[in-house]
1. For residue 289, indicate whether it is in a loop (DSSP other than H, G, I, E, B), within 20 Å of residue 201 (Cβ to Cβ) and touching a residue at least 40 places away in the same chain (Cβ under 8 Å).
2. Which one of the conditions (1) open to solvent by less than 70 Å² (accessible area, probe 1.4 Å); (2) in a helix (DSSP H, G or I); (3) over 20 Å from residue 326 (Cα atoms) does residue 139 fail to meet, given that it meets all the rest?
3. What about residue 113, is it assigned to a loop (DSSP other than H, G, I, E, B) and within 17 Å of residue 68 (Cα to Cα)?
4. Which of the residues that make up segment 293-307 are open to solvent by less than 10 Å² (accessible area, probe 1.4 Å) and touching a helix residue (DSSP H, G or I) at 6+ places or on another chain (Cβ under 7 Å)?
5. Just one of (1) at pLDDT 95 or above; (2) in contact with a helix residue (DSSP H, G or I) (Cβ under 9 Å, 6 or more places away or on another chain) trips up residue 265, so point out which.
6. In the list 199, 167, which residue meets the criterion of being touching a residue at least 60 places away in the same chain (Cβ under 8 Å), touching a helix residue (DSSP H, G or I) at 6+ places or on another chain (Cβ under 9 Å) and in the same structural domain as residue 243 (by the TED database)?
7. Do we find that residue 338 is touching a strand residue (DSSP E or B) at 6+ places or on another chain (Cβ under 8 Å), over 19 Å from residue 85 (Cα atoms), of a type outside the set (Lys, Arg) and open to solvent by 20 Å² or more (accessible area, probe 1.4 Å) in this structure?
8. Could you tell me whether residue 276 is touching a Pro at 6+ places or on another chain (Cβ under 7 Å), assigned to a loop (DSSP other than H, G, I, E, B) and assigned by the TED database to the domain that holds residue 182?
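The values are calculated or read from the model by the stated rules, or taken from the named source; none is laboratory data. Quantities reported herein were computed from a predicted structural model and do not represent experimental measurements. Here the Cβ positions follow ideal geometry from the backbone for every residue, glycine too, while neighbour counts run over all protein chains shown. Remember, those area values only see protein heavy atoms, side chains included, never the ligands or the DNA or RNA. Shrake-Rupley method; radii C 1.70, N 1.55, O 1.52, S 1.80 Å.
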Amino acid sequence: MAMGNRVRLIDIANKAGVSKMTVSLALRNDPSISRETTNMIKEIADTLGYVPNRIAKGLVNGRTYTIAAIVGGDMHDDYHNQFLKGATDYAMGKGYTLTIALTEGDKKLETEIIRKYQEMGIDGYLVFHCGSSTNYKKMKEQGIPFVLYTKYFEDMDCDYVTCDDLKGGYDMTRYFLEQGHERIAYIYDKGLKNSSEVKNRCRGYQKAMEETSQGFEEIMVIPYDNSLDGRTVEEKNPELMELLHSDKVPTAFFICNDVVAAAFLADMKSLGCRIPEDFSIAGYEGVYLGAVLDPPLTTMSTPIRDMGKTACELLIKKIEGKIQKNQISRISMEPVLTIRKSVKRREELE
């Protein structure tokens, strides 16, 4: 065999003294081929440097064996890194390649990326969407497989893998209450006001507060602007400032996610506040950033990498027809409370 030529199935067959069909079946772990023969053929394939021709394989079954992750958020923390690690490991194990497109919340760019990917024949999509369901309603009508992750659309029925954010929001609020805090505020990124994960975390917070004697107060749900546009904290966040200077100033703040919590913590320190001496702070998601803050952030940790694996597994099963296209899967994974030093018992603050 000449150097530089692709190793073919017939090359392996000749070396092993078996038929080309036997080699093909063995490389697919077909049970009709004995384990001994399969192992021998795989060893010969490795020795010869055999690489499967995925293009030829795709021509047979109409697939490219490539899936795309459309990431509508920023990659400035390790949330998407963890998710994509879980997804990539699973995809590679199943013979698929994962390609990644960053849209940073740009809906027009998201539309253009999807169009380009469809021209390339991408088999399916993992999606952290930009907020509009228009593209995905069209994809669903066309029978194109996709799985949303972290957040879903409330105006359409489709496959998704999320964290149980309602439970997570409830459990975090209950933890604050158990630490003696009664005036607890929920802080959300104003740009994520209508995002399902942020809304569900708030619903969990509201449910826990409604079970207390003081009840739920709308005034305690506050938007937060952490944009870097030259304005001061006070200028960007009048509602927060009003609450901090009222007779209902919170003793604890539940922040919608860890990245926002990090910005909030920095802003509060710039105003001269001490954490947790003046009030307690907790976040959500459990990204690496929270562990290195000062103080380290108490958070509701989500199984991010497992979510990536699970979402990718679901998508590939849809692509391969192991789950019917009209069968909707909604998977909600369990969050776990991670206790660090940003929360103190209320009695310790007095």
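1. Numbers: in a loop (DSSP other than H, G, I, E, B): no; within 20 Å of residue 201 (Cβ to Cβ): yes; touching a residue at least 40 places away in the same chain (Cβ under 8 Å): yes.
So residue 289 fails the test.
2. Just one mismatch for residue 139, condition (3).
3. On the way: assigned to a loop (DSSP other than H, G, I, E, B): no; within 17 Å of residue 68 (Cα to Cα): yes.
Spelling it out, it is not the case that residue 113 is assigned to a loop (DSSP other than H, G, I, E, B) and within 17 Å of residue 68 (Cα to Cα).
4. Our first condition is that a residue be open to solvent by less than 10 Å² (accessible area, probe 1.4 Å); within segment 293-307, this holds for 297-300, 304, 307.
Scanning segment 293-307 gives 297, 299, 300, 304, 307.
5. Of everything listed in (1) at pLDDT 95 or above; (2) in contact with a helix residue (DSSP H, G or I) (Cβ under 9 Å, 6 or more places away or on another chain), residue 265 misses just condition (2).
6. Values: 199 fails: touching a residue at least 60 places away in the same chain (Cβ under 8 Å).
Testing whether each residue is touching a residue at least 60 places away in the same chain (Cβ under 8 Å), touching a helix residue (DSSP H, G or I) at 6+ places or on another chain (Cβ under 9 Å) and in the same structural domain as residue 243 (by the TED database) leaves just 167.
7. Details: touching a strand residue (DSSP E or B) at 6+ places or on another chain (Cβ under 8 Å): yes; over 19 Å from residue 85 (Cα atoms): yes; of a type outside the set (Lys, Arg): yes; open to solvent by 20 Å² or more (accessible area, probe 1.4 Å): yes.
For residue 338, the condition - touching a strand residue (DSSP E or B) at 6+ places or on another chain (Cβ under 8 Å), over 19 Å from residue 85 (Cα atoms), of a type outside the set (Lys, Arg) and open to solvent by 20 Å² or more (accessible area, probe 1.4 Å) - is met.
8. Working: touching a Pro at 6+ places or on another chain (Cβ under 7 Å): yes; assigned to a loop (DSSP other than H, G, I, E, B): yes; assigned by the TED database to the domain that holds residue 182: yes.
Spelling it out, residue 276 is indeed touching a Pro at 6+ places or on another chain (Cβ under 7 Å), assigned to a loop (DSSP other than H, G, I, E, B) and assigned by the TED database to the domain that holds residue 182.
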